[in-house]
Every structure is written in C-alpha cells, then in structure tokens.
Amino acid sequence: MTDPQEPVSAPLRRLGAALLTQGRIRLELLAIEAQEEKERIAHLLLWAVLAALLAGFGVLMALMLAVVALWDSHPLLALAGATAVLAAAAAFAVLKVKALVGLPPSLFQSSLSELREDADALRRDAPQP
C-alpha cells in the first residue's frame, strides 16, 4: 500500500500533480478545439462570401437579360419582375440568417464530453459511505 517512511503529504502531492496534469490536458484540448473552430469559421466565411457574390452576379445578369429582352414591349413589367426576384431572394436570406442564429453552438463539445466522463469516473471510483 503506502511506504511507512513516506510523509503524509506525499499522497496529497501526487493527487495534486495528477489533477494539474488532467487540467493541463483538458486545457490543451480546449485550445486545439478553439483553433480548429476558428479555422473552420474562416473557411466558411470565405466560401460563403464568394458563393454569395457569384450567385448575386448571376442573378443580376439574368435579370438584366430579362429586362433587355422585354424592354421594347413591357419595360415596367420587366423592372417590377426583377425587383420582385431580388426582394424575394433578400427575404429568403434574412430567414436563413435568423434560423442559423437560433442554432445552439457546438464549440468545445469534445472538451465538455471529456470533463463529464472524468466526473463520472471519479464518482464511480469514490468510496461509498
């Protein structure tokens, strides 16, 4: 079990060292997750902005084509249709943003899961009175 020559504080020191090691490991995991999430968000924003710009240019070109094609016969109808298409696209985008804002964040889920497992393991290993 324990060495009779060992001071009483030695097990406490080992426990403290083990707790500090566990804490350090959890903090390192948290830092890695934060870095990965930052990189994922940066890539997501880059591609989302690029996709939005290209889609916007495509829609504008299609609407310009429709307006030019209908300019001689129905110019106001062509402009009203183009305006309606752009307004509907903007409304759709606003609804999507509202839906995304309402989603729960998934940041640090692995760290939280590991901490829960640690707490469960400590509860299982704790002596029952």
Can residue 107 be described as closer than 28 Å to residue 34 by Cα and either at pLDDT below 85 or surrounded by 11 or more Cβ atoms within 10 Å (Cβ to Cβ) (or both)? yes
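Are any of the residues in the stretch 92-104 in a loop (DSSP other than H, G, I, E, B) and at pLDDT below 75? Explain how you work it out, then say what you get.
Taking the stretch 92-104 as the starting set, the residues that turn out to be in a loop (DSSP other than H, G, I, E, B) are 102-104.
Still in the list and also at pLDDT below 75: 103-104.
Yes - at least one qualifying residue is present in the stretch 92-104.
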So is residue 63 of a type in the set (A, V, I, L, M, F, W, C) and surrounded by fewer than 11 Cβ atoms within 10 Å (Cβ to Cβ) or not? no
Candidate set: the stretch 1-54, residues that are among the polar types (S, T, N, Q) and exposed (fewer than 11 other Cβ atoms within 10 Å of the Cβ); chosen: the one farthest from residue 86 (Cα to Cα): 5
Checking the condition in a helix (DSSP H, G or I), under 22 Å from the mean Cα position of the chain (by Cα) and either at positive phi or at pLDDT below 85 (or both), which residue from 29, 112 passes? 112
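Okay, residues lined up against (1) farther than 30 Å from residue 118 by Cα; (2) out of contact with any strand residue (DSSP E or B) (no Cβ under 9 Å at 6 or more places or on another chain); (3) at pLDDT below 90; (4) not β-branched (Val, Ile, Thr):
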| residue | (1), (2), (3), (4) |
| --- | --- |
| 11 | no, yes, yes, yes |
| 15 | no, yes, yes, yes |
| 33 | no, yes, yes, yes |
| 51 | yes, yes, no, yes |
| 61 | yes, yes, no, yes |
| 86 | yes, yes, yes, yes |
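The values are calculated or read from the model by the stated rules, or taken from the named source; none is laboratory data. What you see is a predicted model, and the numbers here were worked out from it, not measured in a lab. Glycine also receives a Cβ, built like all others from the backbone with ideal geometry; neighbour counts cover every protein chain displayed.
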